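To start, the structure under review is shown below, and the notes come after it.
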Amino acid sequence: MEGRMTRRMLIAGNWKMNGLRQSLVFMEEIRDVANSRADLDILVAPPATLIERAARIAGPVKIAGQDCHTEQSGAHTGDISADMLKDAGASHVILGHSERRADHNEHSAMVRAKALSALSAGLIPVICVGESEAERRAGTAELVVGQQLADSLPDRSGYVIAYEPVWAIGTGLTASLDDIAAMHGFIRSKVPGGSDVQLLYGGSVKPENASGILSIGDVDGALVGGASLEAASFAAIIEAAPIRFAS
Ligand code: PGA
């Protein structure tokens, strides 16, 4: 579609609550892959404890936080602000992941406030949306995702969106290519300036299914959980991304 050629592919790995200092060997291996695929963006979201160390050895690999507070500083024990993530070397922050929506009662208005905070700190928010299995079965997936977008997106540009059907995360199930294409087309039509927004798919992306998913025109990359914990599988997903334009 028009505008497609202006969007770079982005392959993002979300380590969730995994990773100790020894896991940083991974960064060196992924850095080598990134050096050979300068046509696309590679992003790694390690736990907050590793962000600064990871950023120091990341080379062209970009680093993300997995959440931030709505405020930049203050009396919020245990929280991390967007300014702090930026200061530690992050360029992006994942916001509104379904695990945070479920485990920490994060609702879309909070996600929007966090996204604004991230943008003002100079971070790119990766805003996650996605329906539950019951919502998909009930035929309300677009309604739910449309509402999440309306309530979560800030009224400023500069964000990335990740569509992650909740039932596909960590389950080994993925949405069908037709369903992914339909939902991505829907999301793009709902987002202001949609043809320029990087739109990722997430939910059990693996080396075996990456090429089919990443070849869908409206899919600009992947947000990868489990398969991003091993350098070999994350590298295979990166290699499966089509070259959209020469770097
Ligand atoms: P998964 O996780 O690849 O393990 O399904 C994706 C995510 O939660 O971002």
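Of everything in the range 75-102 that's within 16 Å of the ligand (Cβ to nearest atom) and among the hydrophobic types (A, V, I, L, M, F, W, C), which residue is surrounded by the most Cβ atoms within 10 Å (Cβ to Cβ)? Residue satisfying both the conditions and the ranking: L95. The set of residues in the range 20-42 that are free of Cβ contacts under 8 Å to residues at least 60 places away in the same chain and not in a helix (DSSP H, G or I) contains only L20. If you filter the range 215-227 down to residues that are of a type in the set (A, V, I, L, M) and closer than 19 Å to F186 by Cβ, you find that the one that is nearest to the chain's Cα centre (by Cα) is L223. Candidates V126, V145, V191, V160: the one that is β-branched (V, I, T), touching a helix residue (DSSP H, G or I) at 6+ places or on another chain (Cβ under 7 Å) and within 16 Å of the ligand (Cβ to nearest atom) is V145. Residue count for the range 204-247 satisfying the condition of being of a type in the set (A, V, I, L, M), open to solvent by 10 Å² or more (accessible area, probe 1.4 Å) and more than 10 Å from the ligand (Cβ to nearest atom): 8.
Here is a yes/no grid of residues against (1) within 22 Å of I127 (Cα to Cα); (2) modelled with pLDDT of 95 or more; (3) in contact with a helix residue (DSSP H, G or I) (Cβ under 6 Å, 6 or more places away or on another chain); (4) open to solvent by less than 20 Å² (accessible area, probe 1.4 Å):
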position	(1), (2), (3), (4)
L10	yes, yes, no, yes
N14	yes, yes, no, yes
S23	no, no, no, no
F26	no, no, yes, yes
V44	yes, yes, no, yes
A48	yes, yes, no, no
R56	no, yes, no, no
A64	yes, yes, no, yes
S73	yes, yes, no, no
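The values are calculated or read from the model by the stated rules, or taken from the named source; none is laboratory data. Keep in mind that this is a model prediction, so the values were computed, not measured. Cβ: placed from backbone, ideal geometry, glycine included. Neighbour counts: every protein chain shown. Each accessible area value is taken on the protein alone, full model and side chains, heavy atoms only, with ligands, DNA and RNA left out. Shrake-Rupley method; radii C 1.70, N 1.55, O 1.52, S 1.80 Å.
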